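Sharing a structure here in C-alpha cells format.
Taken together, the values in this text are just the output of simple stated rules run on the coordinates, not laboratory data. In this text, all values refer to a predicted model and were calculated from it rather than measured experimentally. Counting neighbours? That spans all protein chains shown, and the Cβs are built from the backbone with ideal geometry, glycine included.
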Amino acid sequence: MRRAVVTVAVAAFAVAGTSACATRGYVRTQVGQVNSKVDSLSQALEETQQRTQANEQRISEVDTRAGAAQTAADAAGSAAKEANTVALAAGSRAEAVEKAVNRIVYEVVLAEDQGNFRFGSAELPDEAKARIDELITQIKADPKGHYFEIEGHTDNVGPAEVNKRIGLERAEAVKAYLYEQHQIPLHRMNVISYGEEKPAQPNNTREGRAANRRVVIRVLG
C-alpha cells in the first residue's frame, strides 16, 4: 500500500514538472513572437519615418521651385509693365515730335558757308539779318502769334564746351535781333545750343565744317 502511494506521488511530481516545463516553453514562444512583432513594427515605423522625411524634403523642394517660379513670374510681369511704360512714353514723344513737325510753318538755316557768320564769331552779319527780315516778311500776318525755336550748331573743331558756347552765343544773337528789330516777345522764343552734336554735313571737309557752323530758326504755328 505504501509503495502505491509513493508511486502515485512520483507520478504526480513528474506530471507537475512536465506541465511547468511546458508552461515555460509556451511563455518563451509567446514572448519570442511578441518580440518579433515589436521588431517588425519598429522597422515599419522607421521606414515610415524615412518615407515621411523623404516626402517632406520633396515637398520643400517643390515649394522652393514654386517660389522661384513665382519670383521669376513677378520679375517678368514687372519687366513687361516697365516695357509697356517705356513704349507708351516713346509713343507720346513720337506723337509730340509729329505734332511739332506738323506745326512748323517756316525754317531758315543761317550757315557760315553762306556768309551768314564769320569763323569763330557770334556777331550777326548783314547777310544773316537780311535772311531774318525775309522770314518775318513771310510771317507778316502775325509774327507775334508764332513760336520761334532757335538752335545753335558748330563743327567739331576745338573743345566741345567751347563749341557749345559759340553755338549758344550765335543763337542768342538771333534771338536779340528778333526781339529788338521785330518785337518778337521773349517768351515766344526758345534758344538752345547743340554745339558739335548734330552735324548737318560730315566734318571731314572744309565745306562740311562750314555748313555745320549754323543757326537754325524754326517757326511753329
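Give the residues of the range 113-142 whose amide nitrogen is closer than 13 Å to a point set 7 Å from the Cα of Glu107 in the direction of its Cβ.
No residues fall inside that zone.
Quote the FRET efficiency, to the nearest 0.05, computed for Lys81 versus Glu197 with a Förster distance R0 of 25 Å and r equal to the Cβ-Cβ distance.
About 0.15, to the nearest 0.05.
Hey, rough spin-label estimate for Lys129 and Asn156, points 7 angstrom out along Cα→Cβ, what's it come to in nanometres?
3.6
With +1 assigned to the C-beta of every Lys and Arg and -1 to the C-beta of every Asp and Glu, and no other charges, what is the dipole magnitude of the range 104-220 about the Cα centre in debye, to the nearest 20?
120
Now for a different question. Work out, step by step, the length gained on full extension between Glu207 and Thr29: first 0.36 nm times the residue separation, then minus their alpha carbon distance; give nm to one decimal.
52.3 nm
In what order do His153, His146 fall by count of nearby beta-carbon atoms within 10 Å, going from fewest to most?
His146, His153
Sort 184-192, 110-118 by packing, meaning the average of other beta carbons within 10 Å per residue, with the highest value first.
110-118, 184-192
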